[in-house]
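Enquirer: So that we are looking at the same thing, I have put the structure below in structure tokens.
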Amino acid sequence: MTAEKDTLQRGPDGKLRHFLTVEGLDRAFLELIMDTADSFASVTEQTVKKVPLLRGKTIVNLFFETSTRTRTTFELAAKRLSADVLNVNIETSATTKGESLLDTIRNIEAMHVDMFVVRHAQSGAAHFIARHVAPHISVINAGDGRHAHPTQAMLDVYTIRKHKGDFHRLKVAIVGDILHSRVARSEIAALKILGAEEIRVVGPRTLIPADIQSLGVTVFHDLAEGLRGVDVVIMLRLQRERMTGAFIPSEHEYYASFGLTEGRLEQAAPDVMVMHPGPINRGVEIDSKVADGERSVILQQVSHGIAIRMAVMSMAMHHQGAGGVA
Ligand code: CP
């Protein structure tokens, strides 16, 4: 990340203002996000699942792309922090009448809101909004095009830390459509920052970017080789909505070569964790027996998304004196 983007993301005091990408953050900062999430994990187990940290704040969910997990866990996280939440329905909004992204933002900003949580098909959309909002407003990137999905990466490394303790001797394989995946980019960045021993990307040549090695990963085009001895396997779906041509012969052939089955998982370490950011496509990238099996932590990832998003929102609100942490 450039210095300009880091200045945009964090104030002069180093505290979070916007959360746009994990790139450019350091290990201590990622650990602080996870430690803060730990402090919120128990809120979910209380009879009244609320803390008053963001009471009086208004958080706007602005999702220009579909979402199940990210949108709902951001909403729950905001409500558990006692914020008011506004979910803008883009399909019934004035964007369908030609209103620009910036005009939409400026009009909602005029309602005296405090934070935008943004998902957009365009890479860089969250950065663009962050550059244009009023100084007191925070922007959280909930996924922009192929670029970044920082809270997904944070909930993924948080889940890994829960199971494995630390990252130093970890071998992690990220399998599937790396080319179109913002999740893969953010995960690679987070795992590098946290010191993972080896990060592998595994998939057909058509779905692995040519320059991916520059990110410090090793590339495999054979699933059995890529899985050999790994401690963590992260499966990704085929991002059909971002494909502009034929990247695989057929889903059937893709599953035959890159689908994760119990048999193929034998190549990995005996205590391997199976992860997937969702949505999963059973029988395309993963067999149901693996997705629902004892090695799978896929639903734990979803639960951890609430604590991580509470952490990030409370940290970002701190810059305007909401009584948040860090
Ligand atoms: N992992 C993820 O981003 O899922 P959703 O698209 O359902 O939010």
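The values are calculated or read from the model by the stated rules, or taken from the named source; none is laboratory data. Worth saying up front: this structure is predicted, and the values here are computed from it rather than measured. Cβ coordinates were reconstructed from backbone atoms using ideal geometry, including for glycine residues, and neighbour counts include every protein chain displayed. These accessible areas exclude ligands, DNA and RNA; they are computed on the full protein's heavy atoms, side chains included. Shrake-Rupley method; radii C 1.70, N 1.55, O 1.52, S 1.80 Å.
Enquirer: Rounded to a whole number of µm²/s, how large is the Stokes-Einstein D of the range 1-160 at 37 °C and 0.692 mPa s, given Rh as the Kirkwood radius over C-alpha pairs?
Expert: Numbers: Rh = 16.4 Å.
In µm²/s, the coefficient is 200.
Enquirer: Shifting gears a bit: Relative to the longest principal axis of the chain, what angle (0 to 90°, nearest 10) does the C-alpha long axis of helix 69-80 take?
Expert: That helix lies at roughly 40 degrees to the long axis.
Enquirer: What does the charge dipole of the range 1-113 about its Cα centre add up to, to the nearest 20 debye, if the Cβ of each Lys and Arg holds +1 and the Cβ of each Asp and Glu holds -1?
Expert: Using Cβ point charges on Lys, Arg, Asp and Glu, the range 1-113 gives about 400 debye.
Enquirer: For the range 24-35, what does the Karplus curve 6.51 cos²θ - 1.76 cosθ + 1.60, with θ = phi - 60°, yield as ³J(HN,Hα) per residue in whole Hz, taken in order and with x for Gly and Pro?
Expert: Residue by residue, the range 24-35 yields x, 7, 9, 4, 4, 6, 5, 5, 5, 4, 5, 5 Hz.
Enquirer: Rounded, prolate or oblate for the range 210-258? Axes are the square roots of the Cα gyration tensor eigenvalues, ordered a ≥ b ≥ c, and the cut-off for rounded is a/c under 1.5. Provide the component values of the computation, followed by the final result.
Expert: On the way: a/c = 2.05, a/b = 1.33, b/c = 1.55.
Oblate, since a/c reaches 1.5 and b/c is not below a/b.
Enquirer: Now, a different point. Along the charge dipole of the range 150-297, Cβ charges K/R +1 and D/E -1, which of T151, S296, S250 sits furthest on the positive end?
Expert: In the range 150-297, that residue is T151.
Enquirer: How large is Rg/Rh for the chain, to two decimals, with Cα atoms and a Kirkwood Rh?
Expert: My calculation of the ratio gives 0.96.
Enquirer: For a quick check: with amide H placed at 1.01 Å from N, whose amide H comes under 5 Å from R200's, ignoring anything fewer than 5 positions away on the same chain?
Expert: Here V172, A173, I174, T218 satisfy the definition.
Enquirer: Can you list residues from other chains, or at least 5 along the same chain, whose modelled amide H is less than 5 Å from the amide H of G145?
Expert: The answer is H120, A121, Q122, S123.
Enquirer: Let me ask something additional. Using a 1.4 Å probe over the heavy atoms of the protein chains, calculate the carbon and sulfur portion of the accessible area of the range 154-312 as a whole percent.
Expert: The C+S portion of the solvent-accessible surface of the range 154-312 is 49 percent.
Enquirer: Separate question: To check my understanding: the extent here is largest minus smallest coordinate of the Cα atoms along each principal axis. What are those three numbers for the range 182-326, in Å, largest first?
Expert: 54, 35, 31
Enquirer: Given +1 on the Cβ of Lys and Arg, -1 on the Cβ of Asp and Glu, and no further charges, what dipole in debye does the range 150-297 carry about its Cα centre, rounded to the nearest 20?
Expert: Roughly 360 debye, rounded to the nearest 20.
Enquirer: Taking amide hydrogens as modeled 1.01 Å from N in the peptide plane, which residues meet the under 5 Å criterion relative to L260, leaving out close sequence neighbours?
Expert: I286, D287
Enquirer: Same structure again: Sorted by packing (mean other beta-carbon atoms within 10 Å per residue), highest first, where do 215-222, 273-280 land?
Expert: 273-280, 215-222
Enquirer: Further, regarding this structure: Using just the helices of the chain, give the 222 nm mean residue ellipticity in deg cm²/dmol: DSSP H runs with n ≥ 4 each add -39,500 (n - 2.57), and the total is spread over all residues, rounded to 500.
Expert: For the chain, the value works out to -10500 deg cm²/dmol.
Enquirer: Still on this model: Limiting things to C-alpha atoms, what are the Rg and the maximum Cα-Cα separation (Dmax) for the range 73-226, in angstroms?
Expert: 18.5, 55
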